[in-house]
Amino acid sequence: MIKQHGLVIAAATDGACSGNPGPGGWGAILRFEDGTIEEFGGFAENTTNNRMELYAALSILKKLENLPRHPNLKIRTDSKYLIDGFEKWIIGWKQKGWKTAAGKKVLNQDLWKALDNSRLPDVSLEYVKGHSGDPDNERVDYIAVSFSKRIAIQLQCDHKNQNE
């Protein structure tokens with residue numbers, strides 16, 4: 001039985017890579033209106049930081065698809081690549097047959113297409129400066145870096161925030 005925690009009120013993602021390319025990780029967090037937090041992340045053997053940023057966003061969009069969402073929900077990220085690609089560049093890429101303005105093949109096309117197909121009309125992206133003290137951004141960075149370095153961490157899942 002799935003517990004109901006009310007609306008998702010906050011979300012954040014991050015990606016990391018130890019070397020670029022190299023081993024990578026991604027992290028994400030969802031906050032629910034009842035104070036519950038769900039954290040998740042993953043590892044990729046040989047990848048790039050940009051791929052991990054995109055994969056984190058794709059993962060959270062897929063989770064959000066089946067969850068009740070606050071009408072002002074934004075996914076917070078420190079990746080301008082993700083935001084600009086998702087909100088601006090992708091329009092031109094699709095019109096040009098997945099080519100850049102310079103006529104080159106769009107990198108990470110598989111993930112961009114998956115992100116575009118997973119787009120939720122009521123959820124947007126919001127930029128947060130990385131390593132600036134934002135608690136959710138710091139936490140998803142920690143998750144992503146831990147996964148990239150294969151460091152075991154305890155993820156919060158279906159637990160209320162201990163600080164509230």
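Each reported figure results from applying straightforward, stated rules to the coordinates on display, with no laboratory input. Because the structure is predicted, anything quoted here is derived from the model rather than measured. Cβ sites come from the backbone with ideal geometry, for glycine too, and all protein chains shown count toward neighbours.
Per residue, what volume in Å³ does the convex hull of the Cα atoms of the chain enclose?
Per residue, the Cα convex hull of the chain comes to 124 Å³.
Can you pick out the pairs among 62/94; 80/129; 62/129 whose Cα atoms lie more than 18 Å from each other?
Pairs exceeding the cut-off: 62/94; 62/129.
Show that you can apply the helix-only estimate: for the chain, add -39,500 (n - 2.57) for every DSSP H stretch of four or more residues, divide by all residues, and state [θ] at 222 nm to the nearest 500.
Result for the chain, helices only: -9000 deg cm²/dmol.
Indicate the gyration tensor shape class of the stretch 1-92 (rounded, prolate or oblate), computed on the Cα atoms with a ≥ b ≥ c the square roots of the eigenvalues: a/c under 1.5 is rounded; otherwise a/b larger than b/c is prolate and the rest oblate.
oblate
Below 21 Å, Cα to Cα, which lysines can residue 96 reach? Residues fewer than 8 away in the same chain don't count.
Partners within reach: 88, 104, 105, 113.
Can you tell me which of 110-117, 64-71 comes out highest on packing, and rank the rest after it, using the mean Cβ neighbours within 10 Å?
110-117, 64-71
Give the percent of DSSP beta bridges with both residues in the chain that are antiparallel, rounded to the nearest 5.
Percent antiparallel among DSSP bridges in the chain is about 75.
Quick one: which residues, 5 or more positions from residue 74 or on another chain, have an amide H under 5 Å from its amide H? H modelled 1.01 Å from N in the peptide plane, none for Pro or chain starts.
Close amide H contacts, sequence-distant or interchain: 11.
Go ahead and run the numbers for FRET between residue 91 and residue 20, Cβ-Cβ distance against an R0 of 41 Å, rounding to 0.05.
0.90
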